[in-house]
Structure formats: structure tokens, C-alpha cells
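Structure, as C-alpha cells:
Nothing in this text is a laboratory measurement; each read-out follows from the coordinates by a stated rule. This one's a predicted model, so the numbers in the text were calculated from it and none came from an experiment. With ideal geometry, Cβ positions are generated from the backbone for all residues, glycine too; neighbour counts draw on all protein chains shown.
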């Protein structure tokens, strides 16, 4: 390993950490549920159209389904 690879490895490490943080945020079930609750409140308050609500709700529900599927996959890998 040469001296020139040290900055590159450091940069890769930063990218890995950023990717891991983004993944944790994306798959944070509590945060997605909170977004969904906020969405319902905005609809009830009239600050969100039914069309926008439907679009955002579908995205959040899809994320919740992905989170559930990810949990199942991880549980399956842990069982082996």
C-alpha cells in the first residue's frame, strides 16, 4: 500500500459512512410512520389535496413494505 492510496481509502470510508447513514434514514420505520401521520394531519387540515395525499401515501406505504421485506430478509440470513 503506497502513500497515494491513503487518501483514496479515506474517501471510500467517508462514502461508505454516508451511504450507511442514508440507508438507515431510508429504512427508519418510525420516521416513515411519522411522515405518514403528518400526511394524514395535513389532509385533515386541508393543506394537502387528495391527489397529493394519494401520491405521497403510496410512496410511504411502499417504503414501509420495503422495510418489512428487508426485515424478513435480514431475519432469514440470521437464521442460517
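With a Förster radius of 30 Å, plug the Cβ-Cβ distance of residue 61 and residue 13 into 1/(1 + (r/R0)^6) and report the FRET value to the nearest 0.05.
0.30
What is the P(r) of the chain, as percent of Cα-Cα pairs per 5 Å bin from 0?
That works out to 3, 13, 14, 15, 13, 11, 10, 8, 6, 4, 2, 1, 0, in percent per bin.
Can you give me the angle between helix 29-45 and the longest principal axis of the chain, using Cα atoms only, in degrees from 0 to 90, rounded to the nearest 10?
30 degrees
Label-point separation (nm) for residue 52 and residue 23, each offset 7 Å from Cα along Cα-to-Cβ?
The two pseudo-label positions are separated by 3.4 nm.
For a footprinting-style exposure proxy, rank 40, 27 by other Cβ within 10 Å, fewest first.
In increasing order of surrounding Cβ atoms, one gets 40, 27.
At residue 40 and residue 75, where each label point lies 7 Å from the Cα along Cα→Cβ, what is the point-to-point distance in nanometres?
The modelled label-to-label distance comes out at 2.3 nm.
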